[in-house]
Ligand SMILES: Nc1ncnc2c1ncn2[C@@H]1O[C@H](COP(=O)(O)OP(=O)(O)OP(=O)(O)O)[C@@H](O)[C@H]1O
Ligand SMILES: [Mg+2]
């Protein structure tokens, strides 16, 4: 994938299921290479459908979907671990399905488990782990495919709040280090703002984009950024869009959090746009375009994506968290 090309582009994409349900309608959304975008919206509004569309597991019934990368990682809400396999065996499964040689599989599994802090439980069975640890195994399994585009469907929804926050912090470290493009569906507004460079808000079914809030906070984001006025302001805007209200006007002061000095630099949102483009869920026409919340800090100007292409085979499975682009392999 060229770093100049968007990882995935949906243009006026719609999905109507076989039973007639119109799940998505006219959704245009782009995730740039190395960009992290979060999607929030009401339950049943088509968020999982959107991810399946982006992964190529579903074909659009209207509009177009284009991907410029082959290596996709898909992290589901359920860690989908095989109970009879050790943690290491589960992580190796992704490589097995891609036909990676045993020694290389072992090496990749050990590396990925170490990255999510689970090296010491590699020989244990999944049932001996906590829910948060199982999610990390699932994440490690997906990382072995060296994905260029990571799709997350409410991955931390079933763990307690503090574990969820820590998992989010760990995910952010991986994103900053690897520079993959990320598309995260979450029900947590705070998680969406903490992790992403842009939060896209979907309407009730059929899902349509009702607004977008740019998050110009530099990475890496310290956990305490969640308590900053800038963070509160951004979450308030996303929440207002979710309720179909006009988002609050941005404050005069900069939104960017000055407390944390970035150790790594990450590409800012793809377009230098106003922080909020909003329209009420009920209306099709935009009614509000708010002033930019703030300019990204200088530290947010560069991408962390390593220039060298990692050697990896095409991804080829779903239960193990990776998918072959454009093919349903379940
Ligand atoms: N395979 C399917 N066949 C028919 N209808 C479907 C199918 N999958 C999803 N739907 C319908 O499409 C709509 C959107 O579903 P989807 O799972 O994308 O929503 P969601 O936003 O992910 O919801 P949640 O937040 O509860 O996970 C729902 O009305 C759902 O019933
Ligand atoms: Mg869903």
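Among the residues of region 34-64, the one identified as under 17 Å from the mean Cα position of the chain (by Cα), more than 16 Å from ligand 2 (Cβ to nearest atom) and either part of a helix (DSSP H, G or I) or more than 11 Å from residue 183 (Cα to Cα) (or both) is 56. Of all residues in region 198-217, those being crowded, with 18+ Cβ neighbours inside 10 Å, more than 17 Å from the chain's Cα centre (by Cα) and part of a loop (DSSP other than H, G, I, E, B) number 4. Residue 7 meets all of the listed conditions (1) over 26 Å from residue 134 (Cα atoms); (2) free of Cβ contacts under 8 Å to residues at least 40 places away in the same chain; (3) outside any loop (DSSP other than H, G, I, E, B) but one, namely (2). Figure legend. Inter-residue proximity from region 42-62: first residues in contact (Cβ under 8 Å) with a residue 12 or more places away in the chain, second residues assigned to a helix (DSSP H, G or I) and more than 7 Å from ligand 1 (Cβ to nearest atom), beta-carbon distance below 7 Å, spacing 6+ or different chains. Indicated pairs: 58/52; 60/53. Considering 127, 136, 105, the condition of being modelled with pLDDT of 95 or more and part of a helix (DSSP H, G or I) is satisfied by 127 alone.
Total residues in region 23-33 satisfying the condition of being in a strand (DSSP E or B) and either within 16 Å of ligand 2 (Cβ to nearest atom) or crowded, with 22+ Cβ neighbours inside 10 Å (or both): the figure is 6. Pairs linking a residue in region 141-159 that is closer than 12 Å to residue 184 by Cβ and more than 16 Å from ligand 1 (Cβ to nearest atom) to a residue that is part of a loop (DSSP other than H, G, I, E, B) and modelled with pLDDT of 90 or more, with Cβ atoms under 9 Å and 6 or more positions apart or on different chains, are 149/33; 149/68; 149/180; 150/180.
Every listed requirement among (1) at positive phi; (2) within 15 Å of ligand 1 (Cβ to nearest atom); (3) buried (at least 21 other Cβ atoms within 10 Å of the Cβ) is met by residue 44 save one, (3).
The residues of region 160-176 that are closer than 14 Å to residue 34 by Cα and in contact (Cβ under 8 Å) with a residue 60 or more places away in the chain, listed by number, are 175, 176. Applying the criterion of being within 14 Å of ligand 1 (Cβ to nearest atom), without any contact (Cβ under 8 Å) to a residue 60 or more places away in the chain and not in a loop (DSSP other than H, G, I, E, B) to the residues of region 11-22, the residue that is farthest from residue 213 (Cα to Cα) is 16. Scanning region 116-133 for residues that are over 15 Å from residue 92 (Cβ atoms) and out of contact with any helix residue (DSSP H, G or I) (no Cβ under 6 Å at 6 or more places or on another chain) gives 117, 120, 127, 128, 129, 130, 131, 133. Of the candidates 256, 260, 214, 252, the single residue that is modelled with pLDDT under 95, away from ligand 2 (no atom under 16 Å from the Cβ) and closer than 19 Å to residue 35 by Cβ is 256. Any residue at all in region 11-30 that's in contact with a strand residue (DSSP E or B) (Cβ under 6 Å, 6 or more places away or on another chain) and modelled with pLDDT under 95? No.
Only one of the listed residues (151, 139) is within 16 Å of ligand 2 (Cβ to nearest atom), under 17 Å from the mean Cα position of the chain (by Cα) and crowded, with 22+ Cβ neighbours inside 10 Å. That residue is 151. Considering region 154-174, and only residues there that are closer than 21 Å to residue 109 by Cβ and buried (at least 24 other Cβ atoms within 10 Å of the Cβ), the residue that is nearest to ligand 2 (Cβ to nearest atom) turns out to be 155.
The values are calculated or read from the model by the stated rules, or taken from the named source; none is laboratory data. In this text the structure is predicted, and so the values were computed from the model without any measurement. So basically every Cβ, Gly included, is an ideal-geometry build from the backbone, and we count neighbours across all protein chains shown.
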